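Encoded as structure tokens, the structure appears first; notes follow it.
The values are calculated or read from the model by the stated rules, or taken from the named source; none is laboratory data. What you are looking at is a predicted structure, and each value in this text was computed from that prediction instead of being measured. Cβ: placed from backbone, ideal geometry, glycine included. Neighbour counts: every protein chain shown.
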Amino acid sequence: MTSVSFLSVEELLEWLRTQDIQTLLVELTERIEADFLRWDSFDKTPRVANHSQFGVIELMPTQDEITYGFKYVNGHPINTKLGKQTVTAFGVLSDVESGYPRFLSEMTYLTALRTAATSAMVAKHLARKDSKHMAMIGAGAQAEFQALAFAAVVGIESFAVTDTDPAAVEKFILNMQPYGFEIVSCLDANSATAGADVITTCTADKRNAIVLEDADVAPGMHINAIGGDCPGKTELELDILNGATVFVEYEPQTRIEGEIQAVDDDFPVTEFHQVLKGQAPGRISDSQITLFDSVGFAIEDFSVLAFIEERVFDTQHVVGLDLVAEPAEAKDLFANIARKGNSNG
Ligand code: NAD
């Protein structure tokens, strides 16, 4: 019987508790970077998004020569008011040769890990090398993952955090206490961003919000804008885009979903993989403002799924799922209904 390896939320968490999360984030960053370096070997398409008055449900597929992957993910900012997550996800890896699925995993935690690793990977190359202090606007579900990745990969040592919900900041401070960071709680974005080297915006609101104003941005800053990731859902004042050099994951998708949905289609942006490959400049001066207009791209999900599959393969954390129908005779699919006893019967 072909069995599909399944990693549940509970088993992923059991495994994560045995890991040093910051080391894991460094290794995941390296994995995503390696996959961005082979950008041309992936099939790429903007994600398929189904919108409703409540939020969005999206499918994010890609494949290389050997493996196909997709993620199912939602974005429902109203959910937290009901005690539910804004973002939940699961994903699949399949063999390109047979088309058979081989790995099915929860991806709510994996999305938080890969988003943080991707943000940190980009900042490692684009933020000023002496960056030590990050402002965080939005302290929701993604926040701790972002902080840990920026500390481990970029060398950030202190955080100024603000959120319209003071309880979210308290939760962030409590969760980050064991790591010994210097953390300041701020009343608003203006006070949080004062003196920052890096600004992360990670809020959830399905509208064209302005959580960061141009007046809060100083020369030399790197902006990691990850919350604006859907048509009609942005976070930055328009002037910020005009004053910054903008980097994106996959331009056709970001034009639809990113901060740059607010500007003309010929507004110049650089796909970040080009910087990694030395085909385009990254930061060129200490006074330049660099902006990562992140929306989350399928290759990042592919990378984290493949990374975790390798780590948990052959451990007690995965169970086999009977997900693929395999009658004894390939063409006799009906036999298992007519007679019990064939394979999967
Ligand atoms: P969340 O709902 O858990 O947290 C969002 C936080 O933002 C909340 O604490 C909320 O109180 C706060 N907030 C809302 N408006 C604010 C404002 N004006 N100023 C300050 N704080 C404000 O959501 P999350 O899971 O942390 O995700 C945050 C956003 O990131 C979502 O929009 C999500 O779609 C997006 N996201 C992007 C990627 C990516 O790859 N780019 C990946 C995951 C999530």
So, first residue small (Gly, Ala, Ser) in the stretch 39-54, second residue part of a loop (DSSP other than H, G, I, E, B), Cβ within less than 7 Å, six or more apart or across chains; the pairs are SER41/ASP64; SER41/GLU65
Scanning the stretch 184-201 for residues that are among the polar types (S, T, N, Q) and surrounded by fewer than 16 Cβ atoms within 10 Å (Cβ to Cβ) gives ASN190, SER191
Picked from the stretch 84-101 (must be within 16 Å of the ligand (Cβ to nearest atom) and small (Gly, Ala, Ser)), the residue farthest from ASP35 (Cα to Cα) is ALA89
Of the candidates ARG114, ARG102, the one satisfying the condition of being among the charged types (D, E, K, R) and either on the phi > 0 side of the Ramachandran plot or over 16 Å from the mean Cα position of the chain (by Cα) (or both) is ARG102
Given (1) surrounded by fewer than 19 Cβ atoms within 10 Å (Cβ to Cβ); (2) more than 11 Å from the ligand (Cβ to nearest atom); (3) free of Cβ contacts under 8 Å to residues at least 60 places away in the same chain, ALA244 misses just (1)
query: Would you call PRO219 in a helix (DSSP H, G or I), surrounded by fewer than 16 Cβ atoms within 10 Å (Cβ to Cβ) and out of contact with any strand residue (DSSP E or B) (no Cβ under 8 Å at 6 or more places or on another chain)?
result: no
Over the stretch 212-223, the set of residues within 13 Å of the ligand (Cβ to nearest atom), among the aliphatic types (A, V, I, L, M) and without any contact (Cβ under 8 Å) to a residue 40 or more places away in the chain is none
Would you mind stating whether GLN274 is farther than 30 Å from ASP165 by Cα, touching a Pro at 6+ places or on another chain (Cβ under 7 Å) and either modelled with pLDDT of 95 or more or surrounded by 14 or more Cβ atoms within 10 Å (Cβ to Cβ) (or both)?
no
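Residue-by-condition table, conditions (1) part of a strand (DSSP E or B); (2) out of contact with any Pro (no Cβ under 7 Å at 6 or more places or on another chain):
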site: LEU12; (1), (2): no, yes
site: TRP15; (1), (2): no, yes
site: GLN19; (1), (2): no, yes
site: LEU28; (1), (2): no, yes
site: ALA34; (1), (2): no, yes
site: ASP40; (1), (2): no, yes
site: ASP43; (1), (2): no, yes
site: PRO46; (1), (2): no, no
site: ALA49; (1), (2): yes, yes
Practice item. Confirm whether THR80 is touching a residue at least 40 places away in the same chain (Cβ under 8 Å) and within 14 Å of the ligand (Cβ to nearest atom). Key: yes
Considering the stretch 57-77, residues that are within 10 Å of the ligand (Cβ to nearest atom) and either at pLDDT below 95 or part of a loop (DSSP other than H, G, I, E, B) (or both), and then whichever is farthest from PRO101 (Cα to Cα), we arrive at PRO77
*asked:* When you check ASN224 against the structure, is it touching a strand residue (DSSP E or B) at 6+ places or on another chain (Cβ under 7 Å) and closer than 17 Å to ALA160 by Cα, yes or no?
replied: yes
Just one listed residue, out of ILE299, ILE284, ILE226, is free of Cβ contacts under 8 Å to residues at least 60 places away in the same chain and not charged (D, E, K, R), and it is ILE284
The helices (runs of 4 or more DSSP H) lying entirely within the stretch 238-345 that contain at least 3 residues which are not aliphatic (A, V, I, L, M) are 238-243, 251-257, 272-276, 298-312
Subset of the stretch 201-211, residues near the ligand (Cβ under 9 Å from one of its atoms) and in contact (Cβ under 8 Å) with a residue 40 or more places away in the chain, comes to THR201, CYS202, THR203, ALA204, ASP205, LYS206, VAL211
Restricted to the stretch 102-124 and to residues being farther than 22 Å from VAL4 by Cβ and in contact with a strand residue (DSSP E or B) (Cβ under 7 Å, 6 or more places away or on another chain), the residue nearest to the ligand (Cβ to nearest atom) is SER119
